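The values are calculated or read from the model by the stated rules, or taken from the named source; none is laboratory data. Source: prediction; values computed, not measured. Ideal geometry is used to build each Cβ from the backbone, glycine not excepted, and the neighbour counts take in all protein chains shown.
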Amino acid sequence: MSRRTTIIFAGALVLFAAPLAIADTGDNIREGIRNPTSGDAQRETQIIANTKKDTYGTRQSNKGTGGGAIYGCRSGLDAAAPGDPKKSTPCIRVNNLSTGKAFDFQAKGRIAGIIQIGGSLLTPQPNSAPFVTNATGLAAGLNADRLDSLNADEIITQSATKAVQAVVAAGGAGVLNGVCPTNTVLAGGGCLETAPRAAKNFGDAATECSGAGRRLVPPDVLAGARAMEGINLGSGEMSADTTVASVLVAVVTPGYTTVSDAGLFGTAPLSTTTPFRCITGGS
């Protein structure tokens with residue numbers, strides 16, 4: 001064989017062998033085409049390396065603007081065993097047999113990556129989870145101090161505001177920031193005075209409550225308040241309900257309903273003086 005023939009033959013070997021790599025199975029891995037596993041379809045094409053730190057078994061790189069690698073598969077999910085690779089085989093599995101990390105993701109852009117379920121990122125998938133983990137420790141960077149753009153204090157304030165709005169909607173006007181004024185307690189959707197006022201007749205009692213921006217207490221609210229700590233109706237307190245106190249020889253005497261701490265309801269003429277309380281709001 002002449003020297004020229006030898007040079008041409010060697011050049012041909014370089015030309016045709018360059019795009020090929022030899023896998024552990026002995027199969028050629030060819031560039032730019034699909035590389036099926038040879039023979040038995042269950043066989044894997046393996047690339048096995050023995051490297052030191054900061055050195056990798058393979059390196060896939062693209063110096064252009066395209067990606068470095070793409071993988072596709074048609075694996076299914078066993079919903080009863082999503083973490084078992086034998087039953088729910090993932091397209092990519094990274095298994096660190098030592099105590100180090102299994103993966104790193106690094107990017108320079110505003111978005112490091114996307115986890116997408118379904119054909120469109122614009123379509124919500126309320127029944128799907130982005131990932132599942134059994135790790136319950138604190139994840140630095142994922143310990144968010146805001147939820148729906150609100151911090152904890154703002155969430156508490158917003159919740160309290162909504163609770164107050166609900167009370168007000170139910171007739172509980174006068175409750176401020178979820179707290180009743182001093183010397184009152186939340187009862188019957190309003191703020192009930194914790195101590196009775198001095199005995200007055202019905203007209204004067206109603207006027208006094210009105211002057212305080214409040215009103216006389218309905219009998220059902222008084223009856224319910226008996227069970228509250230610090231509330232004692234004694235032998236009977238005036239309520240907001242008017243009724244008939246007595247009927248004598250066709251003479252009707254108007255009156256008001258009283259409620260005692262024992263839960264007894266009574267009546268008294270409007271001119272009779274009785275201890276009473278006022279309530280802010282309520283129904």
### Query
If the Cβ limit is 7 Å and pairs must be 6+ apart or interchain, which residue in the stretch 216-230 that is of a type in the set (G, A, S) pairs with which residue that is at pLDDT 90 or above and loosely packed, with under 15 Cβ neighbours inside 10 Å?
A223/G263
### Query
Would you pick out the residues in the stretch 192-215 that are among the small types (G, A, S) and without any contact (Cβ under 8 Å) to a residue 40 or more places away in the chain?
A206, S210, G211
### Scan of the stretch 196-213 for residues that are part of a loop (DSSP other than H, G, I, E, B) and at pLDDT below 95, ordered by number
A212, G213
### Query
Going by the structure shown, is V94 of a type in the set (V, I, T), within 18 Å of the chain's Cα centre (by Cα), more than 30 Å from A223 (Cα to Cα) and at pLDDT 85 or above?
no
### Query
Has the stretch 250-259 got any residue that is within 16 Å of A187 (Cα to Cα) and not small (G, A, S)?
yes
### Query
Is at least one residue of the stretch 247-260 modelled with pLDDT of 90 or more, in a loop (DSSP other than H, G, I, E, B), under 57 Å from the mean Cα position of the chain (by Cα) and surrounded by 15 or more Cβ atoms within 10 Å (Cβ to Cβ)?
yes
### Task
Give D145, D84, D78, D153 a once-over and let me know the one that is at pLDDT below 90 and part of a loop (DSSP other than H, G, I, E, B).
D145
